[in-house]
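Structure, as structure tokens:
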Amino acid sequence: MKFLTTNFLTCSVKECDRSNNSFPLHYKGEACQLEQDEGIEFNPEFLLRVIDRVEWDAVVSVAKDLGNSTLPQQKPVFENEELSEEDMIVLRDLHVLLIQTNIVEGEMTCRNCGHIYYIKNSIPNLLLPPHLA
Amino acid sequence: MFPTPYVNCDYNKVYEPSEDSFLLLDVLESEQDALRTMFRNKLGVVCEIGCGSGIVTTFMMQNKIPSTDAVYIPVDISPWALEATMDTAKRNGCSAQYLTPVRANLTAGLKKNEVDVLVFNPPYVPNETIPEMPLDDKNEDDWLDLALLGGNDGMVVTRKLLDGLQDILSSHGVAYVLFCARNWPEKVQEYMQIKGWNAQLIEKRKAGWEVLSVYKFWR
């Protein structure tokens with residue numbers, strides 16, 4: 001699954017809905033196998049919309065889980081309509097992280113209930129065993 | 001008219017695109033302009049629940065529905081469906097777009113109020129019960145039953161989704177849901193309107209012995 005998708009997933013357990021700890025899921029760094037997928041071209045417009053939409057704290061948290069602690073604490077802001085060279089560097093980096101980074105295999109855990117979900121063949125599995133569903 | 005995506009998967013395990021799928025494609029095509037206006041300058045998070053062969057999600061990707069700036073997160077309970085969806089997207093040249101299929105039971109596991117465009121072709125065929133999810137991959141027919149059978153009035157699964165809609169859709173989100181006549185869609189429309197939703201019939205069509213319709217729901 002692509003990195004950006006971590007911004008849209010949470011724990012499937014109903015009781016965790018009310019907890020602030022169930023999002024984002026915790027990604028177990030050593031169990032996650034990453035791959036760069038360069039099939040999607042860099043598109044600054046698209047990326048601006050993505051950044052506008054994401055919950056930045058969750059992006060920072062998941063990136064840290066996966067061994068990347070270089071992100072700024074605050075969501076980058078692009079004030080001028082005309083993007084500067086520095087803006088483009090930031091956007092390109094985020095393109096590599098959010099769009100091109102693919103978690104092929106991995107484990108994600110709910111910080112509230114501790115349930116572990118797996119990612120296999122790039123597909124996250126959020127199904128619960130019958131006793132939890 | 002937009003071309004129909006090319007699909008080639010194992011129909012012993014995955015629901016074969018049929019009249020209902022094609023009706024959804026036509027509805028999405030007719031809604032394209034409205035959606036494009038709604039999602040101008042915004043990221044569109046698209047989620048097809050029960051993506052099956054992937055024909056609908058692929059069609060949306062191919063034709064930039066709702067807009068060029070969209071991410072596609074199709075969901076299915078069946079592993080075969082997710083595999084087929086990836087394959088269908090690839091076959092139709094959609095590898096350069098944002099696609100992440102997710103295995104989940106309806107919308108459980110999706111963060112609240114993030115979906116902008118939801119599409120649902122539910123298991124709508126009336127049947128005494130809803131099948132249990134198969135525990136192994138041996139009985140391929142069981143996975144097909146799951147895609148088809150919707151309990152008593154064929155509405156057991158759809159009702160579950162509609163009752164949770166306020167937690168799924170973003171503030172400007174829209175949902176397209178398919179019904180057959182035996183689901184009593186007019187009553188569903190009324191029920192949703194009483195609950196404060198906008199509910200509009202987009203298209204109705206006779207398909208063999210069934211009458212299929214697609215309704216649009218939004219706040």
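Does any residue of segment A:54-66 turn out to be within 19 Å of B:VAL102 (Cα to Cα), charged (D, E, K, R), without any contact (Cβ under 8 Å) to a residue 12 or more places away in the chain and loosely packed, with under 14 Cβ neighbours inside 10 Å? Looking for residues that are within 19 Å of B:VAL102 (Cα to Cα), charged (D, E, K, R), without any contact (Cβ under 8 Å) to a residue 12 or more places away in the chain and loosely packed, with under 14 Cβ neighbours inside 10 Å, one finds none in segment A:54-66, hence no. Counted as qualifying within segment A:41-133 are the strands (runs of 3 or more DSSP E) with 2 or more residues that are more than 13 Å from every other protein chain (Cβ to nearest Cβ), namely A:101-109. Within segment A:1-27, the residues that satisfy the criterion of being assigned to a loop (DSSP other than H, G, I, E, B) and surrounded by 15 or more Cβ atoms within 10 Å (Cβ to Cβ) are A:MET1, A:THR10, A:CYS11, A:SER12, A:VAL13, A:SER19, A:SER22, A:PHE23, A:PRO24, A:LEU25. The single residue among B:THR107, B:THR88 that is modelled with pLDDT of 95 or more, open to solvent by 20 Å² or more (accessible area, probe 1.4 Å) and of a type in the set (Val, Ile, Thr) turns out to be B:THR107. Residues satisfying the criterion are present in segment A:24-34 (criterion: more than 25 Å from B:ASN41 (Cβ to Cβ), of a type in the set (A, V, I, L, M) and either within 10 Å of chain B (Cβ to nearest Cβ) or touching a His at 6+ places or on another chain (Cβ under 7 Å) (or both)). Within segment A:109-133, the only residue that satisfies the criterion of being closer than 27 Å to B:PRO131 by Cβ, among the hydroxyl-bearing types (Ser, Thr, Tyr) and open to solvent by less than 70 Å² (accessible area, probe 1.4 Å) is A:TYR117. Figure legend. Inter-residue proximity from segment A:109-132: first residues closer than 10 Å to A:LEU25 by Cβ, second residues among the acidic types (Asp, Glu) and surrounded by 15 or more Cβ atoms within 10 Å (Cβ to Cβ), beta-carbon distance below 6 Å, spacing 6+ or different chains. Indicated pairs: A:ILE116/A:GLU107. Would it be correct to say that A:ALA31 is in contact with a Ser or Thr (Cβ under 8 Å, 6 or more places away or on another chain) and either open to solvent by less than 70 Å² (accessible area, probe 1.4 Å) or in contact (Cβ under 8 Å) with a residue 60 or more places away in the chain (or both)? Judged against the criteria, A:ALA31 is not a match. Looking at (1) modelled with pLDDT under 90; (2) surrounded by 15 or more Cβ atoms within 10 Å (Cβ to Cβ); (3) more than 16 Å from the chain's Cα centre (by Cα), find the lone condition where B:SER170 falls short. Every condition holds for B:SER170 apart from (1).
Going by the structure shown, is B:MET133 open to solvent by 10 Å² or more (accessible area, probe 1.4 Å), assigned to a helix (DSSP H, G or I) and within 12 Å of chain A (Cβ to nearest Cβ)? Criteria not met by B:MET133.
Taking the listed residues B:VAL119, B:VAL156, the one that is in contact with an Asp or Glu (Cβ under 7 Å, 6 or more places away or on another chain), at pLDDT 80 or above and away from chain A (no Cβ under 14 Å) is B:VAL119, with no other qualifying. Screening segment B:147-219 for helices (runs of 4 or more DSSP H) wholly inside it with 1 or more residues that are in contact (Cβ under 8 Å) with a residue 40 or more places away in the chain returns the ranges B:156-163, B:165-168.
For B:ARG36, the criteria (1) open to solvent by 50 Å² or more (accessible area, probe 1.4 Å); (2) under 18 Å from B:VAL115 (Cβ atoms); (3) among the charged types (D, E, K, R); (4) touching a residue at least 60 places away in the same chain (Cβ under 8 Å) hold in every case but one, which is (4). Note on segment B:196-219: residues that are closer than 16 Å to B:PRO126 by Cα and surrounded by fewer than 19 Cβ atoms within 10 Å (Cβ to Cβ) amount to 3. Filtering B:GLN189, B:GLN193 for residues that are open to solvent by 10 Å² or more (accessible area, probe 1.4 Å), closer than 30 Å to A:ARG53 by Cα and in contact with a strand residue (DSSP E or B) (Cβ under 8 Å, 6 or more places away or on another chain) leaves a single hit, B:GLN193. The residues in segment B:75-107 that are under 15 Å from the mean Cα position of the chain (by Cα), among the hydrophobic types (A, V, I, L, M, F, W, C), farther than 18 Å from A:GLU105 by Cα and at the interface with another protein chain (Cβ under 8 Å from one of its Cβ atoms) can be counted, and the count is 1.
The values are calculated or read from the model by the stated rules, or taken from the named source; none is laboratory data. Keep in mind the model is a prediction, meaning the values are calculated, not measured. Cβ sites come from the backbone with ideal geometry, for glycine too, and all protein chains shown count toward neighbours. Only protein heavy atoms, including side chains, enter the accessible area calculation; ligands, DNA and RNA are left aside. Shrake-Rupley method; radii C 1.70, N 1.55, O 1.52, S 1.80 Å.
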